[in-house]
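Here is the structure we will look at, set down as structure tokens.
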Amino acid sequence: MTRPATGFGHYLRDMVYGALDGVITTMAVLAGAEGATLSMRVGLILGLANLLGDGISMGASNYLGMRSEIEQARGSVAAEAPWRHGLVTVAAFIVVGSAPLLAFVVSAFSGARVFPVAALLAAAALLAAGIVRARFVEKTAARSAMEMLAVGALAGGAAYLVGRVASAFLR
């Protein structure tokens, strides 16, 4: 199976890259804040800052990386339009990466604790992204979804532990 020249499948790599990193880094910020027993207000501020700052960084990095690869191969930058790949990465990062932050809205209306809701929303976003990804990579939806969830769980767990340990040492 080759990468489609146009359409959704053409930008699959950029969408998976942005969506996975968006959810993981945003959730990692919240997990680190929870592990360090920081207020969720701090988590929200850092989560929003991550969503915008890291999203822009990811999109620019994807654009410049792809452009560099094309230029190195002496290809046509205009023909591939790497700026579109960068924009897709930013969009996927922000849209899917905002899922854990929706916990603040849910919590405001329901009174539920923010962190568990954020973890559930992040897991749901990762599972959904994995299911969409499966349509293009000849894997079952379950396997693709579990791959995405496993990466997210590993990163979130690591961030939580760092928050816990750092908080204990910095008292």
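One table, with the values for the structure above:
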{"item": "Single residue of region 1-57 satisfying the filter (among the acidic types (Asp, Glu) and more than 10 Å from the chain's Cα centre (by Cα)) that is surrounded by the most Cβ atoms within 10 Å (Cβ to Cβ)", "result": "Asp14"}
{"item": "Residue in region 74-82 that is among the β-branched types (Val, Ile, Thr), farther than 16 Å from Ala19 by Cβ and either touching a strand residue (DSSP E or B) at 6+ places or on another chain (Cβ under 8 Å) or modelled with pLDDT under 95 (or both) present", "result": "yes"}
{"item": "Qualifying residue in region 141-149 (condition: crowded, with 20+ Cβ neighbours inside 10 Å, basic (Lys, Arg) and under 22 Å from Thr2 (Cβ atoms))", "result": "no"}
{"item": "Candidates Ala103, Ala142, Ala99, filtered to the one that is among the small types (Gly, Ala, Ser) and within 12 Å of the chain's Cα centre (by Cα)", "result": "Ala99"}
{"item": "Test: Ala119 is surrounded by fewer than 19 Cβ atoms within 10 Å (Cβ to Cβ), at pLDDT 95 or above and not polar (S, T, N, Q)", "result": "no"}
{"item": "Set Arg143, Arg133, Arg84: member being farther than 20 Å from Gly157 by Cα and touching a Ser or Thr at 6+ places or on another chain (Cβ under 9 Å)", "result": "Arg133"}
{"item": "Region 60-94 - residue that is among the β-branched types (Val, Ile, Thr) and crowded, with 16+ Cβ neighbours inside 10 Å and, of those, nearest to Ala28 (Cα to Cα)", "result": "Ile94"}
{"item": "Any pair with Cβ under 7 angstrom, 6 or more apart, that starts in region 101-117 at a residue that is at negative phi and free of Cβ contacts under 8 Å to residues at least 40 places away in the same chain and ends at one that is in a helix (DSSP H, G or I) and surrounded by fewer than 17 Cβ atoms within 10 Å (Cβ to Cβ)", "result": "Ala112/Val106; Val117/Val106"}
{"item": "Criterion (basic (Lys, Arg) and in contact with a helix residue (DSSP H, G or I) (Cβ under 8 Å, 6 or more places away or on another chain)) met by exactly one of Arg164, Arg171", "result": "Arg164"}
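The values are calculated or read from the model by the stated rules, or taken from the named source; none is laboratory data. In this text, all values refer to a predicted model and were calculated from it rather than measured experimentally. So basically every Cβ, Gly included, is an ideal-geometry build from the backbone, and we count neighbours across all protein chains shown.
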